[in-house]
Structure formats: C-alpha cells, structure tokens
Amino acid sequence: MSLYKQLTLLILTLFLLIFAGTYWLNFSSTQAFLNRQMQSQVQDAATSLGLTLVPYLEQEDVSGVQTTVNAIFDRGFYQHISVYDYDDEEIVSREQGVQIDGVPGWFINSVDLEAPSAQQELSSGWALAGRVVVASNPGYAYQQLWGVVKSSFSAYLAVFLLLMVGGFFALQYLLQPLRALVIQARAICNRQFDLEMPVPKVPELATVVTAMNQMVGSVKATFNELSQSVTQLREQAFQDPVTGLGNKRYFQSQLENLIEEQGEARDQEFHPGTLYLIQLNDFKGFNARAGYKKGDALLEAVARKLADCTKNEHIAALSRLNGGDFAFYLLDDNETRADKLAEKLAASLATLEKTEAYDGSQLANIGVATIHKPVPYGTALTRADSALRMSQSKASTPWIRASELDASEIHSMSRNEWNAYITDCVESGKLSLVSQNVVSSVEKNHVLHSELFVRMTDKTGNVIPASRIVPAVKDLKLCQRLDRFVIEQALEHSTKDNCNNTCAVNLSCQTIRDVSFFNWLKTIIEKISLERKVSFPIMYFEFSEQEIIKNLDLVTKYSSEFRSIGCEVGVDQFGKGFFGFSYLNSLRPAYVKVDRSITMKVLSDLDSQFLMTSFTKICRSLDILTIAQGIESREQEEIVINSNVSGMQGRFIQIPRGIR
C-alpha cells in the first residue's frame, strides 16, 4: 500500500474515532439533559397545580379543578395528570398516549428515555385536602434528541467532507517531494542523470532530496568528465586543431573503409564516389610572408568555404591533410555532378583571392578522381594527386578530373532514368532484402536482432551497392516509398513462425518528416499485433549519427512515438564524426553501432581500442547497448570482446543472406 493511501487511511481512522467519541459524548449529555429537564418539568407542574387546586378543593368545585388541569395538560408535555381528594378518590384525570412524530422506530427502540412522574400533596391549613400526580410525556424528548442526532450528524459529515478535501490537497502538497523522489529514482534507474529536484521546506524531506541531488550531480559530473575525456582524445587523435576538420589519420581511416576491398564479398560495402584533393599554392611561402597567424586564418577561411560548398552534398571525411592540403570524398560517382561541385569549389575559393585573407591570385588547385570500383587507398590518392598536378601545370585550369574508362553503366543514368528505375523496382518487387544477425558478445548463439539491407540489381544482374542507391533515393525524395516497402517486408519476415528475431531497418529523416508515415506505421503494427503473436520490441529503426545530430529534435520526438507502439531506435555509424555524447541522454536509443572505421583499426591502433572501450563505458552508464560493426576476423572479435561491447556484427559473425 502506498504512503499516500496509508496516510489517508490513518486520517480517516482518526477522524472516525474522534467523531464516534465526540458524537457519543454529545448524545449522552443531551439524553441526560432531557431526562433532567423532564423530571424538573413534572415536579414544577405538580407543585404549581398543588398551589392552584387547593381553593377549588376546599369549595369542592370539581369544574374549577377540571378547568385548571385541562389548561396544564393541553400543553402536551404530560402523559397523564390525576387529582385525588382527601379520601384518595380520583376526582379529575386526564391521560393521553405517547405520540412520537417524525422519529423512526429503530431510534425509539434503541434509546431509553424514562417518563418521570411527580406527586404533590394538597393541604388546607393543617388538614390534607388531596393530592395531584403528574407524569411526563417522553415524545417531545425523543423528538428533541432525534433532532440533535440529525443536526450533529450533518455537521460532522460536512466537517468530514471538508477535512477529506483539504486533506487530499494537503497530502498532495506534502507528498509532492516524495513523488519527485520516485521520479528521480526511476530516472536514475534509467540512467538519466539530468533531473534535479527543488529542495522542499520539510526538514526531513529536504535532507533526502539534497542527498539525491548530490548523488545525481556526482554521477552526472562523472559521466560528463568521461565524455569530455573521450571527446578530447578523439579530437587529439583525429581532428585538425586549426580548422576543426579531420586530420590525415582520420581521412585515411574513413576513406579506406569506404573504397577498399577487404575480404569475401566486401564490395557490397564499397561506396563509389568522387575524391577531391585541394592544395593551396605556395602556402609555405605565404606563411613566411604574412606570418603564422595569417596562415592559420587563411586555413580557417578555406575550411569554411569547403564546408559551405558541401553542406548539402553527401560527403565523408572532410579533412585537412597537412600544410595547405585538404581532401574529402563525395558519395556520388556521377561525373557530371562531380564536375559541378568542382566548379563550385573553385569559384568559392577564388573569392578569397586578393583580399585581406590572401594577397595573391590562384589560391588553390583541385584534383578530382571518380572511384567506381574498390581500389586501395594509395591508388585513389595517386589518381587525385595526378589530376591536381595536371591542374597546377595549367595556369588557367583551377581543377581537373582524372577520367576512368571502366565506369559502370548504372551510375550514368539521368535523374528521370533513376526515378523510373527505382519506382519500377519497388512496384514490381525487384528489390531484394538481405539479413545479417547481430549477436551477443557473451553468448554468440544469442541473436540480439537481425539487420535488413536493401539490394537492387542493374540490367546486367550485378548488385548495386546501397551507397549508390541512397543518394539517388534522397535526391528524388523517394525515401518514404522505399522505407515503407522495406518495413512491410521486415514485419512480414519477423512475424513468420520460423523467425524469432526482431528486425532492424535503416530509416531516413526525410521519411519521418511526413506525419502520415507514423500514422501508417502505427496502423500496420496494430494490425499485425492483432493478427499474430509478436515479440517486443517489434522493430528497431536505425538512424546514422550524422543524421541524428542534424535532426536531433525530430528524431528525439519520433523515438518516443516509436516506443509507444512497441518499437525502439538505434544509432548507426556511432563515433564516425566529431560529435559529443550529450544527445544520447535525450534520445535514449536502445543501442549504438560503433562505426567500422574504428572497429577495423583496433588491431593496429591503440587509440581506436581506447575509443572502443570508452564508448562502451559511456553507453553502459546510460544503459545503452554497444555493438561493434565490421567484425572480419577472430583477432578483431577478441579485441572488441575485451572492450566489453554488448554485441557484434560483421562477416566473421555471419555472411549476409537473402530473405526475399
């Protein structure tokens, strides 16, 4: 029983005891008073009649006696009055039955009121003239006593109701700190350390609340310190201190993960695109002429120009390699779009020429290389560097793209052709889904969930990597259509009799911006829940960390909506960018998947191992599972297990297999 109910019951019990005691005292005193009043009344009546009747008796005037007795008797307070002469013979008698109007029988039977009587001798001088006997009528006393009972009960009932209403609000106010303590305790159990309570005025509760707030503050400070130390390490290891962009180490780890072929069927994870290499001309000489402060200011200005030009593009690994060299990778190998971006970059950088930022002309040259198939990191960089050297050799050409003759046909499709092709694949069911299990690091036979990926084939039957599909789908605003198709197939797969795993699918923020999507999702999940037996969570929806940071309010809002219908949210590509961890507190995802650019380096890079361990500690403090992606070997598996991750995913764990 809750404390509120116990206090309410205690107050109610005390009130009933006080009510019963007070009520009984009031009733008893009223009953005694009425008995005394009736006794006094009959005695006074007998005495008064005795004095009044003597003259009539002396004259033997019976009619006078009768008249006097009637006058007294008709007042209604007496049951009978009898007058006797000196021979004790009754000469006048009046009597009436006991009439009790408006008083219930059970009350009369329960309450005993005596009917007192009084006798007065009548004297004429020294001789006895007679006597008079008067008996009281208890009916009036019963009526008075019943009236007192009713009025007292009404008064006590009104006081009781007022007390209960007042007590309800008083308890609500007094127990508010306790309810806040419960909320805070539950928040701590859920690893939410951002809730502090106001200190109440009640000293005992103030001590408890203060201690809880101190504990929350201490845990929160510990989490923030750990988060800050990991962020600082990541920045020292992978971030350029001048521009805030990635450094060469960061660029290499990201690009290797995107373009290199590693292991069996690794090309399904290959990301075709375009590599851009930007070099400031004679940056060393500019530093010597203008000073290092001017040089750093120029680097910052160039970094801002590059970020502005690419903010609406699908890029990865925007970095400063060293000196005046910058690079990034566009996740699109369409040569026409690659050339347009190169023109845009050259024009934007040219605006810094002959300004306070840079006193010369031809600030930079750009080398561009399209990557259609998996290549080693060094080969890709050599292609872009060759294009850069060719651009530098031609004074009037700020950029050159290295051409390739083995470009596949599919990426050369126009926007309309892409639209028609993707629409046809969705409507005709040409899309295929593959599944890859995520297993527990403690017990590999225990599957945490199965992630589903979309596969699409070109006209020759070759698989088109998702990295080619996704940019086109986003550009054509077909995300919701594709996402709905995948969710329907995932729900169909997860509710089969032979499938006990919860499915996870990647979701686009472009999809959840449409309110109709959630209504559709809620309807389809409710329908399936009614028709079939489902396990919870019904489905996981994954968003990339970069997309979450850009749309944090939107994703946070829908994460609550998803939970309301039995689904959960996960973070994909965790740790890929230079983002803090504070968003995890508000988002509260079920898990994070550490990006493979980190997990692939754990064998040779101690910093990556430390990051993996730190990520696990931070997420565990928030009760969030940590899953290592890209596990390709037993050695890699052993290292991530030692990092205390919750789950693992990769080709060493399971080769993706088709489900449709």
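The values are calculated or read from the model by the stated rules, or taken from the named source; none is laboratory data. The structure displayed is predicted, hence computed values, not measured ones. Neighbour counts run over all protein chains shown; Cβ positions are idealised from the backbone, glycine included. For the accessible areas, the whole protein counts, side chains as well, though only heavy atoms, and no ligand, DNA or RNA atoms are used. Shrake-Rupley method; radii C 1.70, N 1.55, O 1.52, S 1.80 Å.
If you filter the range 352-402 down to residues that are in contact (Cβ under 8 Å) with a residue 40 or more places away in the chain and polar (S, T, N, Q), you find that the one that is farthest from residue 274 (Cα to Cα) is 362. If only residues of the range 84-101 that are open to solvent by 50 Å² or more (accessible area, probe 1.4 Å) and charged (D, E, K, R) are counted, the one that is modelled with the lowest pLDDT is 101. Restricting 95, 89 to those that are closer than 28 Å to residue 32 by Cα and acidic (Asp, Glu) reduces the list to 95. The one condition from (1) open to solvent by less than 40 Å² (accessible area, probe 1.4 Å); (2) assigned to a helix (DSSP H, G or I); (3) in contact with a strand residue (DSSP E or B) (Cβ under 8 Å, 6 or more places away or on another chain) that residue 569 does not meet is (2). Just wondering, is there one or more residues in the range 25-37 that are within 30 Å of residue 178 (Cβ to Cβ) and open to solvent by less than 60 Å² (accessible area, probe 1.4 Å)? Among the residues of the range 25-37, not one is within 30 Å of residue 178 (Cβ to Cβ) and open to solvent by less than 60 Å² (accessible area, probe 1.4 Å), which makes the answer no. Looking across the range 442-488 at every residue that is open to solvent by 60 Å² or more (accessible area, probe 1.4 Å) and within 26 Å of residue 313 (Cα to Cα), the one that is modelled with the highest pLDDT is identified as 484. The set of residues from the range 617-630 being open to solvent by less than 10 Å² (accessible area, probe 1.4 Å), closer than 14 Å to residue 440 by Cβ and in contact with a Ser or Thr (Cβ under 6 Å, 6 or more places away or on another chain) comprises 626, 628. When residue 39 is tested against (1) outside any loop (DSSP other than H, G, I, E, B); (2) under 25 Å from residue 126 (Cα atoms), exactly one condition is not met: (2). Report yes if some residue within the range 43-57 is among the aliphatic types (A, V, I, L, M) and without any contact (Cβ under 8 Å) to a residue 24 or more places away in the chain; otherwise report no. Checked the range 43-57: at least one residue is among the aliphatic types (A, V, I, L, M) and without any contact (Cβ under 8 Å) to a residue 24 or more places away in the chain.
Between 564, 559, 582, 643, which is among the polar types (S, T, N, Q), under 22 Å from residue 237 (Cβ atoms) and within 26 Å of the chain's Cα centre (by Cα)? Sole residue among the options that is among the polar types (S, T, N, Q), under 22 Å from residue 237 (Cβ atoms) and within 26 Å of the chain's Cα centre (by Cα): 582. Looking at this structure, is residue 554 at pLDDT 80 or above, assigned to a helix (DSSP H, G or I) and within 30 Å of residue 245 (Cα to Cα)? The answer is yes for residue 554.
For residues that are in contact with a Pro (Cβ under 7 Å, 6 or more places away or on another chain) and of a type in the set (A, V, I, L, M, F, W, C), scanning just the range 102-144, find the one that is most open to solvent (accessible area, probe 1.4 Å). Per the stated criteria, the residue is 115. Of everything in the range 57-83, what is open to solvent by less than 50 Å² (accessible area, probe 1.4 Å) and in a helix (DSSP H, G or I)? Give them in sequence order. The answer is 57, 64, 65, 68, 69, 70, 72, 73. The lone criterion from (1) over 30 Å from residue 617 (Cα atoms); (2) hydrophobic (A, V, I, L, M, F, W, C); (3) modelled with pLDDT of 85 or more; (4) surrounded by fewer than 19 Cβ atoms within 10 Å (Cβ to Cβ) left unmet by residue 290 is number (3).
Only one residue in 226, 255, 233 is aliphatic (A, V, I, L, M), at pLDDT 85 or above and assigned to a helix (DSSP H, G or I). Which one? Selected residue: 255, the only one of 226, 255, 233 that is aliphatic (A, V, I, L, M), at pLDDT 85 or above and assigned to a helix (DSSP H, G or I).
Residue 559 fulfils the conditions (1) exposed (fewer than 15 other Cβ atoms within 10 Å of the Cβ); (2) polar (S, T, N, Q); (3) closer than 19 Å to residue 502 by Cβ except for a single criterion, (1). Here residue 633 fits the description: within 23 Å of residue 444 (Cα to Cα), among the small types (Gly, Ala, Ser) and surrounded by fewer than 20 Cβ atoms within 10 Å (Cβ to Cβ).
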